[in-house]
Amino acid sequence: MEKILKDLENDADIKVLVDSFYQKVNKDPNLAPFFNDIAKIDWDHHLPKMYDFWNSVLFGAMKYSGSPFAKHQVLPLEKENFNQWLGLFFETVDEHFQGSKAEEAKQRANIIAQTFMYKLGLGDD
Ligand code: HEM
C-alpha cells in the first residue's frame with residue numbers, strides 16, 4: 001500500500017527535510033566535497049542556517065539573513081552539480097512530504113537553482 005504522507009507544515013517538518021537532504025548530500029561523492037573540502041563548512045552552523053532559510057522561503061519567517069548567491073559564486077560549480085543537487089532535493093521532499101507546500105519547496109528550489117546557474121553563466125545552451 002502506498003504510504004500517505006503529510007504536507008510540510010512547521011519547523012519540525014523543515015528540520016526533517018533539511019537534515020535528510022544534507023545526509024544525502026554528504027553521501028554524494030560529487031556534492032559532498034563542496035561542503036567538506038572546498039567550503040569546509042561547520043555542519044552544526046550550516047544546518048540551523050538552512051532551517052531558517054527554508055522557514056523564510058516557505059513560511060515567511062524572517063529569521064534568515066544572508067546572501068546565498070555570494071557563497072556559491074566562489075565555488076567551482078557546474079550545471080551538472082545543480083542538477084544533482086535538485087535531484088536529491090526533489091527525492092528528499094517526495095520521500096517525506098506530499099501537498100502544496102511540498103510542491104512549493106521543489107518549485108522554489110528549482111527557481112533559485114536556475115537563478116544561480118544563470119548568474120554563474122551556466123544557463124541553458
Ligand atoms: C550544486 C548545488 C549547490 C552546492 C554544491 C551548494 C553548496 C553550498 C555550500 C558549500 C554552502 C556553504 C558556503 C559557506 O558557508 O561558505 C552553501 C550555502 C548555502 N546554500 Fe548552497 N549549494 C548548492 C545549491 C543551492 C541551492 C539551489 C540553494 C537554494 C535553493 C542553496 C542555498 C544555500 C543557502 C541558503 C546557503 C547558506 C548561505 C549563507 O551562509 O547565508 N544552495 N551551499
Matching option when the condition is in contact (Cβ under 8 Å) with a residue 12 or more places away in the chain, β-branched (Val, Ile, Thr) and over 20 Å from LEU5 (Cα atoms), among VAL57, VAL74, VAL18
VAL57
Any chance you could count how many residues in the range 76-86 are more than 6 Å from the ligand (Cβ to nearest atom) and touching a helix residue (DSSP H, G or I) at 6+ places or on another chain (Cβ under 7 Å)?
2
Any hit, the range 104-116, residues being more than 10 Å from the ligand (Cβ to nearest atom), closer than 25 Å to ASP7 by Cα and assigned to a loop (DSSP other than H, G, I, E, B):
no
(1) touching a residue at least 24 places away in the same chain (Cβ under 8 Å); (2) of a type in the set (Gly, Ala, Ser); (3) more than 10 Å from the ligand (Cβ to nearest atom): which one isn't true of ALA39, the others all being true?
(3)
Which of the numbered conditions does LEU31 fail, given that it passes all the others? Conditions: (1) touching a strand residue (DSSP E or B) at 6+ places or on another chain (Cβ under 8 Å); (2) free of Cβ contacts under 8 Å to residues at least 60 places away in the same chain.
(1)
Assess whether GLN98 counts as being modelled with pLDDT of 95 or more, under 28 Å from ILE4 (Cβ atoms) and surrounded by 15 or more Cβ atoms within 10 Å (Cβ to Cβ).
yes
Kindly indicate whether any position in the range 22-42 is farther than 17 Å from ARG108 by Cα, basic (Lys, Arg) and surrounded by 15 or more Cβ atoms within 10 Å (Cβ to Cβ).
yes
Does PHE89 satisfy the criteria of being touching a strand residue (DSSP E or B) at 6+ places or on another chain (Cβ under 7 Å) and either among the charged types (D, E, K, R) or closer than 30 Å to ILE4 by Cβ (or both)?
no
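Picking from ASP37, ASP13, which residue would you name as being of a type in the set (Asp, Glu) and over 16 Å from PRO76 (Cα atoms)? Quick ask: steps written out before the conclusion?
Numbers: ASP37 fails: over 16 Å from PRO76 (Cα atoms).
Testing whether each residue is of a type in the set (Asp, Glu) and over 16 Å from PRO76 (Cα atoms) leaves just ASP13.
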Taking LEU122, is it part of a loop (DSSP other than H, G, I, E, B) and within 12 Å of the ligand (Cβ to nearest atom)?
yes
I'm checking my understanding of the structure. Among residues of the range 45-73 that are part of a loop (DSSP other than H, G, I, E, B) and either in contact with a helix residue (DSSP H, G or I) (Cβ under 9 Å, 6 or more places away or on another chain) or away from the ligand (no atom under 11 Å from the Cβ) (or both), which one is farthest from ASP11 (Cα to Cα)?
GLY66
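The values are calculated or read from the model by the stated rules, or taken from the named source; none is laboratory data. Nothing here was measured: the structure is a model prediction, and the numbers come from that model. So basically every Cβ, Gly included, is an ideal-geometry build from the backbone, and we count neighbours across all protein chains shown.
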